[in-house]
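For reference, the structure is listed below as structure tokens.
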Amino acid sequence: MLFKISLELLADQHLGILKANSGEINEAINLFEQSLALKEPIGNDRGKAMTLWWLGGIAEQQCDYNQALDYLQQALEILQRIQSPDAERLGQVVARVQDLIRNS
């Protein structure tokens with residue numbers, strides 16, 4: 001069962017990235033949300049953070065800065081908690097989105 005969930009996680013995540021990169025935003029969002037639903041019960045914190053980061057990036061591209069900030073801050077909290085080296089880079093993204101909110 002865990003192997004099946006792992007394959008579904010990979011498939012949803014990678015398909016979500018492909019859909020996002022090809023402009024199929026709604027499909028990408030759905031796939032990322034499915035991926036989050038699978039990651040939560042198995043405690044895949046890093047995977048959850050990366051998915052939230054993607055969702056934040058999509059929201060930012062759609063100029064939904066408040067939603068982007070919500071996703072990105074959740075991702076940042078996780079990355080800081082697990083002491084990921086990606087936390088610093090994401091912190092810069094969060095700061096940029098906060099600037100966009102202040103300037104809009």
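Couple of notes before you dig in:
- Each Cα pair under 8 Å and six or more residues apart adds its sequence gap; the mean of these over the residue count of segment 2-102 is a relative contact order of 19 percent.
- Placing dummy labels 7 Å off each Cα toward the beta-carbon, the span from Ala95 to Glu40 is 3.2 nm.
- Based on the Stokes-Einstein relation at 25 °C and a viscosity of 0.890 mPa s, and on the Kirkwood radius from alpha carbon pairs, segment 41-91 is assigned a translational diffusion coefficient of 229 µm²/s.
- Magnitude of the charge dipole, the chain, Cβ model with Lys/Arg +1 and Asp/Glu -1, debye to 20: 220
- The stretch between Ser104 and Glu24 holds 26.2 nm of extra length on full extension. This uses 0.36 nm per residue minus the Cα-Cα distance.
- Among residues other than Leu72 with Cβ under 14 Å from its Cβ, the summed charge is -4 (Lys and Arg +1, Asp and Glu -1).
- Within the shell defined by Cβ-Cβ distances under 10 Å, the residues around Gly16 carry a net charge of -3, with Lys and Arg each +1 and Asp and Glu each -1.
- Crossing angle, helix 86-102 versus the chain [Cα axis fit, 0-90 degrees, rounded to tens]: 50
Quick note: the coordinates plus some simple rules give every number you see, no bench work behind them. Everything numeric here is computed off the predicted structure, so don't read it as measured data. A quick note on method: Cβ atoms are made from the backbone with ideal geometry, for glycine too, and the neighbour counts reach across all protein chains shown.
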